[in-house]
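To start, the structure itself, in structure tokens.
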Amino acid sequence: MTTTEPSARAAELSAMLNEANHRYHVLDAPTISDREYDLRFKELTELEAAHPELVADDSPTQRVGAPVEGGFPSVRHDVPMLSLGNAFGADDLREFDSRVRRGLGRGAADGPVTYVCELKIDGLAISLRYEGRLFVRGATRGDGTTGEDVTANLRTVRAIPVRLHTDPPGERLEVRGEVFMPRGAFAALNEQLEREGKPLYANARNTAAGTVRQKDPAVTASRRMSVWTYQLVGAHGLETHSESLELLGRLGFPVNPHIRRVDGIDAVIAFTEEWSEARKDLDYETDGIVIKVDSLAEQQELGFVSRAPRWATAYKFPAEQVTTKLEEIEVYVGRTGALTPVAHVTPVFVGGTTVRNATLHNIDEIRRKDLRVGDTVVLQRAGDVIPEVVSAVVDARDGSEAEWQMPATCPVCGTEAVREEPDVVTRCPNPYCPAQRIGGLLRFAGRGGMDVDGLGYKIMLQLVERELVRDPADVFRLDAGALEGLERLGRRSAEKLAESIQSARRRPLARILNGLGIRHVGEQTAVDLAAWLATEIARQDGETDAAWTRRAADKLRDASVDELTAVFGIGRVVAEAIERFFADEHTRDTLHRLLDAGVIAEAPAPGAGLAPTEGPLLGKTLVVTGTLPGFSRSEAEEAIRAAGGHPAGSVSASTDFLVAGDKAGSKLAKAEKLGVVVLDEDGFRALLERGPST
Ligand code: IVH
């Protein structure tokens, strides 16, 4: 029977086309022909054109939306998107198993742990949110805490259900997975670009990442992206990870079929071995195997170490190696003034990318490997890692190869380069060297920082040379008038750039901190610092963002090393680097100058950081003093944090334990005076394992 009522017919067509999409893109088992699909799609489009009130959110005609204006809005992940520890071989996997067994208190007699092995998809991590049955939001991972809202683009990915097949457990559902571009789609895209005489993409992963961040969803839609989902956030009453994967399948999500539930680490190792070759036959790239403890109760018992779960690890396939020719060595000057020799090699395809350059790290490395210009060299690249020259093929030499010397002066400013033994790095000591300044400013304006669209190397170089920009804050004082005078920047482009500078004024606090370029403060530390500040500097009623930002900046500038080491995720070396940054007269006020120039931070929610919620030392404060034979200071502090405790810098009445090594001095005396329990290394180890006995 054919339904004639337009609303019923629209609903029927919508359901039928969504089902056909799922069969085609997820199950790989189409039941209607492409022609039939096109005809029904056309019928629905016409029906919706005649009755616009019938256009439903989950209609298959709504997958491609309008282009976004400006940047993508930020999205906070309610549950952070974590990363995984790595395993590079069978030994690492056995160690992982031992840690899991120890964590679960399992002895040899207790039998093997059940694991789930999954392919590690080399794409872009995303989080998909559903309300009721409807897809409402898709976000990138970003820094794990804050990502970008790319809903419109993800909606175009046919394998992502816009409507769930069955009612989800709970009103809101969050699913995580990896979007990727199949090898076939990537090859087809490059062939098309080649025909059009346009530059080609280097590899599928980066193309996928770029495609998800396209401003125009029509472009994303044209690119044949796909997705595998591998995590259901929140247990929803299930007992195992494998059950949650089954549930994902029933809800309509694509779940990779090459999954194996196994008992014990030997079977895990066998799985990694099987896939090291077999993966080359897949139509998508994998860079390893993810191993997860199957039982959700056990996952919970194991918990997390800093920001990676203890119940999972990522095995990485060995790096692929090829040979090529080392044509030339050139020196680059980085943000810290380090002179880094870079190899220019004959372009070669390895690890999914065409490689032209590879880092040589420093002169000692070049000598140790005895690399000469003109050598045939072995090159390797694994995953996201920078390509590396492994060795020279000595037998291939014909005598024309030349040894290479580090230049005596900075190639950018000509200042005599210095190398302070035993430091392996040669540096340009000139703090005003344009290379250093530009490197720092580019980091500040780049993706991990303020993300000013269109402010790249060429423009920054001119801005620095013309002294329009000396300090990061100067960027926010530029207007179209000042920019218009630059080479190759007409009025229209100058106006556009001025606009993107304006819209970059408001950024998450973590991104601003990351952009400052404080030594040792990368994305994760910046997130930890921001989470700490949001908790420490509680927002007052009616306080503006600008006023809050300023109080947070004051707090950070004045924080002591002890205060900073107490922040979750921050160790001593990092704390000292932060203090040094805010003690140096040149950098002390960088953050405040930014605020004066109108930069405003978005605060993370209080308590947003991934503070420990469990562990034998939960709620306990420990101070470490003197030298311990088995731990460096930062290792001891990390071990305390990993056990859920809180490492502090000084002894006070609230200290629970003092761990005292050799040459413990005033802290030991103070602890004894206050009656704080003092432990030696053995006592400390026992405490880390079992927690306090009372
Ligand atoms: S599980 C806490 N499973 O690898 C668990 N991740 O190094 C987090 N990835 O950020 C992830 N395939 O982007 C998981 N089958 C898989 C995966 C996978 C690829 C990516 C993901 C994650 C990274 C971790």
Return yes when LEU119 is more than 30 Å from ALA643 (Cβ to Cβ) and part of a helix (DSSP H, G or I) and no when it is not.
no
If the requirement is being touching a helix residue (DSSP H, G or I) at 6+ places or on another chain (Cβ under 8 Å), farther than 25 Å from ARG507 by Cβ and surrounded by fewer than 16 Cβ atoms within 10 Å (Cβ to Cβ), which of these qualifies: GLU403, GLU420, GLU465?
GLU465
Can you confirm whether ARG447 is of a type outside the set (A, V, I, L, M, F, W, C), part of a loop (DSSP other than H, G, I, E, B) and at negative phi?
yes
Does at least one position in segment 234-250 carry a residue that is within 28 Å of GLY351 (Cβ to Cβ), crowded, with 16+ Cβ neighbours inside 10 Å and either of a type in the set (Val, Ile, Thr) or touching a residue at least 40 places away in the same chain (Cβ under 8 Å) (or both)?
no
The condition from (1) part of a strand (DSSP E or B); (2) within 11 Å of the ligand (Cβ to nearest atom) that ARG137 misses is numbered (2)
For residues that are closer than 30 Å to ASN86 by Cβ and in contact with a Leu (Cβ under 7 Å, 6 or more places away or on another chain), tally how many sit in segment 391-420.
1
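Residues of segment 281-296 being in a helix (DSSP H, G or I) and either within 16 Å of the ligand (Cβ to nearest atom) or buried (at least 19 other Cβ atoms within 10 Å of the Cβ) (or both), which ones? Write out each step before concluding.
Taking segment 281-296 and keeping what is in a helix (DSSP H, G or I), we get 281, 296.
Result: LEU296, single match.
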Just name the residue that is surrounded by the most Cβ atoms within 10 Å (Cβ to Cβ) out of those in segment 504-524 that are in contact with a helix residue (DSSP H, G or I) (Cβ under 6 Å, 6 or more places away or on another chain) and over 11 Å from LEU556 (Cβ atoms).
ALA510
Working carefully through the options ALA278, ALA314, find the one that is more than 10 Å from the ligand (Cβ to nearest atom) and either among the small types (Gly, Ala, Ser) or in a strand (DSSP E or B) (or both).
ALA278
Candidates ALA125, ALA109 - the one that is of a type outside the set (D, E, K, R) and either part of a helix (DSSP H, G or I) or away from the ligand (no atom under 16 Å from the Cβ) (or both):
ALA109
Kindly provide the set of residues from segment 129-158 that are surrounded by fewer than 20 Cβ atoms within 10 Å (Cβ to Cβ) and among the small types (Gly, Ala, Ser), ordered by number.
GLY132, GLY144
If you check every pair at least six apart or on different chains, which have Cβ atoms under 9 Å apart with a residue in segment 56-84 that is touching a residue at least 60 places away in the same chain (Cβ under 8 Å) and in a strand (DSSP E or B) first and a residue that is of a type outside the set (Val, Ile, Thr) and loosely packed, with under 15 Cβ neighbours inside 10 Å second?
ARG76/ALA605
Return the pairs, sorted by first residue and then second, in which the second residue is part of a strand (DSSP E or B) and within 16 Å of the ligand (Cβ to nearest atom), the first residue lies in segment 177-189 and is farther than 14 Å from VAL212 by Cβ and in contact (Cβ under 8 Å) with a residue 12 or more places away in the chain, the beta carbons are less than 8 Å apart, and the residues are 6+ apart or on different chains.
PRO182/SER226
Restricting attention to helices (runs of 4 or more DSSP H) lying wholly within segment 573-686, give those where 1 or more residues are free of Cβ contacts under 8 Å to residues at least 12 places away in the same chain and hydroxyl-bearing (Ser, Thr, Tyr).
666-674
Taking segment 66-87 and keeping only residues that are surrounded by 15 or more Cβ atoms within 10 Å (Cβ to Cβ), among the hydrophobic types (A, V, I, L, M, F, W, C) and within 15 Å of the ligand (Cβ to nearest atom), one is left with MET81, LEU82, LEU84, ALA87
Hits in segment 653-663 (condition: at pLDDT below 90 and buried (at least 19 other Cβ atoms within 10 Å of the Cβ)):
THR655, GLY661
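The values are calculated or read from the model by the stated rules, or taken from the named source; none is laboratory data. If you're wondering where the values come from, they're calculated on a predicted model, not measured in any experiment. Note: ideal-geometry Cβ built from the backbone for every residue, glycine included; neighbour counts use all protein chains shown.
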